[in-house]
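The values are calculated or read from the model by the stated rules, or taken from the named source; none is laboratory data. Since the structure is predicted, the reported quantities are computational estimates derived from the model, not experimental observations. Note: ideal-geometry Cβ built from the backbone for every residue, glycine included; neighbour counts use all protein chains shown. Surface areas here come from the heavy atoms of the whole protein model, side chains and all, with no ligands, DNA or RNA. Shrake-Rupley method; radii C 1.70, N 1.55, O 1.52, S 1.80 Å.
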Amino acid sequence: GAVVSQHPSWVICKSGTSVKIECRSLDFQATTMFWYRQFPKQSLMLMATSNEGSKATYEQGVEKDKFLINHASLTLSTLTVTSAHPEDSSFYICSARPGGLETYSPLHFGNGTRLTVT
Amino acid sequence: GNSVTQMEGPVTLSEEAFLTINCTYTATGYPSLFWYVQYPGEGLQLLLKATKADDKGSNKGFEATYRKETTSFHLEKGSVQVSDSAVYFCALYNTNAGKSTFGDGTTLTVKP
């Protein structure tokens, strides 16, 4: 159980276009989802916390107008990279925690989206 | 604030060797501790967890013990396999932060 599905797994787009990435919790409800960006040397950077029915909470240094997050239902959060540029090329990963704020509940991750901007 | 420091990699071992990946943390209160594993081209998945001091998490031959006195959660495996080659992340979750804190990851390569 506790599956998180992320789509697409990879996408190539031209500079200046926008790309939407979906993150779905398949068998549980997730009031909170998290979006990460993974850099080539593997470190994970938390970009934002997506809250169902309200605005996302962005980490310091993350442009909220560039990385639009929508969490319209308890099972779906989307990340839209607007006006993408080559420097936005990266591996984006979403995650969610079943059971809400219980501290022993681990995160479940999507399989990531490889974005390449040409 | 919360932070996690894990052993820098990459780590290269021969099959059946003993593995230790060190992880130490800084946190207020009583965080839960996790090890996640990432195989090439995939997202992360939970390897094991511990929710309180002296708890031992274990899975697939891997073990880690929550040591509050040394604020550590070192990952160990007695005999690694080629299939264990992956990136390993140590992490903590604290309700006061409402989000997880990850170490930088350690790449393990196991050679036959």
* To do: Sort out for me the strands (runs of 3 or more DSSP E) sitting completely within chain B that have 2 or more residues that are of a type in the set (V, I, T) and more than 17 Å from A:H108 (Cα to Cα).
  => B:3-6, B:11-14, B:19-21, B:23-26, B:106-111
* Consider A:W35 against the criteria (1) assigned to a loop (DSSP other than H, G, I, E, B); (2) at pLDDT 95 or above: it satisfies all of them except one. Which criterion is unmet? -> (1)
* Among (1) out of contact with any Lys or Arg (no Cβ under 9 Å at 6 or more places or on another chain); (2) under 17 Å from B:A27 (Cα atoms), which single condition is B:F73 missing? -> (1)
* To do: Answer with yes or no whether A:S83 is small (G, A, S) and out of contact with any strand residue (DSSP E or B) (no Cβ under 9 Å at 6 or more places or on another chain).
  => yes
* Structure fact -> If we ask which residues in segment A:62-85 are more than 22 Å from B:A97 (Cα to Cα) and not in a strand (DSSP E or B), their number turns out to be 7
* Determine, yes or no, whether A:E87 is among the acidic types (D, E), buried (at least 16 other Cβ atoms within 10 Å of the Cβ) and out of contact with any Phe, Trp or Tyr (no Cβ under 7 Å at 6 or more places or on another chain). => no
* In the set B:T109, B:T70, which member is open to solvent by 30 Å² or more (accessible area, probe 1.4 Å), modelled with pLDDT of 95 or more and away from chain A (no Cβ under 14 Å)? -> B:T70
* Structure fact -> All conditions in (1) surrounded by fewer than 20 Cβ atoms within 10 Å (Cβ to Cβ); (2) touching a Pro at 6+ places or on another chain (Cβ under 8 Å); (3) within 21 Å of A:S43 (Cβ to Cβ) are true of B:E15 except (3)
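Here is a yes/no grid of residues against (1) assigned to a strand (DSSP E or B); (2) more than 14 Å from chain B (Cβ to nearest Cβ); (3) at pLDDT 95 or above:
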position: A:A2; (1), (2), (3): no, no, no
position: A:Q6; (1), (2), (3): yes, no, yes
position: A:V11; (1), (2), (3): yes, yes, yes
position: A:G16; (1), (2), (3): no, yes, yes
position: A:F28; (1), (2), (3): no, yes, no
position: A:L46; (1), (2), (3): yes, no, no
position: A:S50; (1), (2), (3): yes, no, no
position: A:K55; (1), (2), (3): no, yes, no
position: A:Q60; (1), (2), (3): no, no, no
* **Top-ranked residue of segment B:18-50 - restricted to ones that are in contact with a His (Cβ under 8 Å, 6 or more places away or on another chain), open to solvent by 40 Å² or more (accessible area, probe 1.4 Å) and away from chain A (no Cβ under 14 Å), ranked as nearest to B:K77 (Cα to Cα)** => B:T20
